[in-house]
Amino acid sequence: LVESYLKSGGALLASGTELGWDLQARGGGQRFLNEVLGVGYGGDDAGSRSVRSAPGGPFASLGTLRLHDGSAGYDAASPDLLQARTGSQALLAYETGAAPLAGVGRPGQSAVFSFPLESVSDPAQRQALARETLNFLRPQGIGPSAPSGGSTTSSSTAGGSTASGSSATPTPTSTTGS
C-alpha cells in the first residue's frame with residue numbers, strides 16, 4: 001500500500017529509533033527499506049544524542065539538534081545508523097567520530113530519520129526540522145491549493161460537485177515510532 005502511494009507521487013516521512021533494525025536486521029522488510037525508501041541499515045545505537053545536517057545536505061540551516069535523554073521527553077535510546085542507497089542522499093548525521101547517518105531521503109518522495117521527530121528537545125528546532133523536511137518532500141508546496149497562493153474553489157451542480165484549482169497530488173504522510 002505504501003509503495004503504491006509513493007509510486008503514485010506521494011511523499012512519506014518515517015521516523016523512529018528502530019526502523020532499520022525492524023525492517024532489515026529482523027528481516028521483515030529489507031526490500032522495502034532498501035529499494036522503496038532507499039535506506040540501508042548500518043547498525044544499532046549511534047551512541048549520540050546530537051544530530052546535524054549531513055555535509056552538503058539540504059538541511060544545512062538547522063545547526064545541531066539535541067535529542068531528549070528521557071529526563072524531560074521521549075528517550076531516543078539506541079537510534080539506528082542509516083546508509084544512503086542508490087537514488088537517495090544523506091540528510092542528517094550524528095555528531096560522533098565517524099558521523100554515521102541519522103537521516104536519508106529521496107527528494108519529493110521520502111525522508112527517513114533514525115530518531116523520532118518528537119525527540120528533538122527544542123520545540124523551535126523540531127519545528128524547523130519539520131519545515132525543512134516538508135520543503136524537501138514537497139518543494140512546490142503541499143496539498144490541493146492552487147500555485148502561487150491562488151484560491152481553490154468548489155461548487156455543486158445538479159450532477160455532483162466540481163472543483164477548480166485542486167490537485168490530485170497526495171499530501172505528505174508522517175509516521176513515527178520507536
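The values are calculated or read from the model by the stated rules, or taken from the named source; none is laboratory data. Just so it is clear, the structure is predicted and the values come from calculations on it, not from any experiment. As a convention, Cβ positions derive from the backbone with ideal geometry for all residues, glycine included, and neighbour counts pool all protein chains shown. Ligands, DNA and RNA are stripped out before the accessible areas are found, and what is left, the full protein with its side chains, is counted by its heavy atoms. Shrake-Rupley method; radii C 1.70, N 1.55, O 1.52, S 1.80 Å.
Can you give the FRET efficiency for S4 and D122, using 1/(1 + (r/R0)^6), R0 = 30 Å, r = Cβ-Cβ distance, to the nearest 0.05? Walk me through the numbers before you get to the answer.
Details: r = 36 Å, r/R0 = 1.21.
E(calc), rounded to 0.05, equals 0.25.
Give a residue-ordered list of calculated ³J(HN,Hα) values for region 66-72 (Karplus: 6.51 cos²θ - 1.76 cosθ + 1.60, θ = phi - 60°; whole Hz; x for Gly, Pro).
Once θ is set to phi - 60°, the couplings for region 66-72 become 9, 9, 4, 9, x, 6, 9 Hz.
Hey, how many Å between the Cα centroid of region 44-72 and the Cα centroid of region 85-136?
Value for the Cα centre distance between the two parts: 8 Å.
Enumerate the amide H contacts of G43 below 5 Å, restricted to partners 5 or more residues apart or on another chain; note that Pro and chain-start residues carry no placed amide H.
Those qualifying (amide H under 5 Å, at least 5 residues apart or on another chain) are L81.
E132 accessible area, nearest 10 Å², 1.4 Å probe?
30
Counting Lys and Arg as +1 and Asp and Glu as -1, what is the net charge of the other residues whose Cβ lies under 15 Å from the Cβ of G29? Please report the intermediate quantities before stating the final value.
On the way: positive: R26, R31, R85; negative: E3, E18, D22, E35, D80.
Charge balance in the 15 Å sphere: -2.
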